[in-house]
Amino acid sequence: MPQFIPHDELIQLLPHKGKMFLLSCVTAHNVAEHSITSEYNITPDCIFYEEELGGVPTWVGFEFMAQGISAITGITNKELGRKPRPGFILSVVDFKAVVPVLKNGNTIEMKIKEDYRSDDVYRYNCALYAEKGDTTPVVTSKITVMETNDIMSLFKDD
């Protein structure tokens with residue numbers, strides 16, 4: 001799979017659609033390391049855009065990063081010939097933001113790398129940069145997710 005994946009191809013790899021699809025492209029990924037670099041263009045069309053702020057509140061950064069995680073999972077499943085599996089955010093910890101708003105017109109960049117795996121549970125170190133090419137992240141967090149083969153089995157009473 002090519003390193004650069006444009007929006008129109010990327011949307012086929014994630015369950016998110018419409019205004020809840022929060023990635024513009026993938027610029028790099030590594031299936032062996034389970035890492036990814038993705039981008040999103042901040043515009044008033046974003047579902048989380050707040051006119052009075054002139055952008056998106058930084059707390060939304062966890063969702064941008066979670067979709068990056070979903071993208072590397074989709075890429076990995078496709079490269080391994082597996083069917084995509086639903087995933088869930090289990091926790092967002094050590095969330096730190098040094099700016100209040102991701103400004104309109106900026107292309108934010110997310111860098112995500114898996115640092116722990118146990119069965120179907122994965123933890124990622126995540127960094128979000130206010131502008132493509134920045135060297136210091138404005139948001140950092142650790143996000144733990146779980147994949148499942150059978151989403152309905154999670155809701156059954158035994």
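The values are calculated or read from the model by the stated rules, or taken from the named source; none is laboratory data. Because the structure is a prediction, the values reported are computed rather than measured. When we count neighbours, we look across all protein chains shown, and the Cβ atoms used for this are built from the backbone with ideal geometry, even at glycine. Ligands, DNA and RNA are excluded from the accessible area calculation, which covers all protein heavy atoms including side chains. Shrake-Rupley method; radii C 1.70, N 1.55, O 1.52, S 1.80 Å.
Remarks
- Between residue 91 and residue 33, the distance separating the two model label sites (each 7 Å from Cα on the Cα→Cβ line) works out to 2.5 nm.
- Pairwise centroid distance, computed over Cα atoms, of segment 38-80 with segment 95-140, Å: 10
- Acute angle (nearest 10 degrees) that the helix 61-79 long axis makes with the longest principal axis of the chain, alpha-carbon atoms: 40
- Accessible surface of segment 23-158, 1.4 Å probe, proportion on carbon and sulfur as whole %: 51
- Among the listed pairs 83/103; 19/156; 111/156; 78/113, those beyond 28 Å (Cα-Cα): 83/103; 19/156; 111/156
- Residues residue 7 and residue 53, FRET efficiency given R0 of 22 Å [Cβ-Cβ distance, rounded to 0.05]: 0.35
- Volume per residue that the Cα convex hull of the chain spans, once the total is divided by residue count, Å³: 126
- Protein heavy-atom accessible surface, 1.4 Å probe, per residue over segment 19-68: 38 Å².
- The 1.4 Å probe gives accessible areas that order 29, 7, largest first, as 7, 29.
- Simple spin-label estimate for residue 82 and residue 103 in nanometres, 7 Å along Cα-Cβ: 4.1
- Taking 78, 17, 103 in turn, the Gaussian network model of the chain (Cα-Cα springs below 10 Å) assigns the largest fluctuation to 17.
- Cβ-defined net charge surrounding residue 76, 11 Å radius [Lys, Arg +1; Asp, Glu -1]: -1
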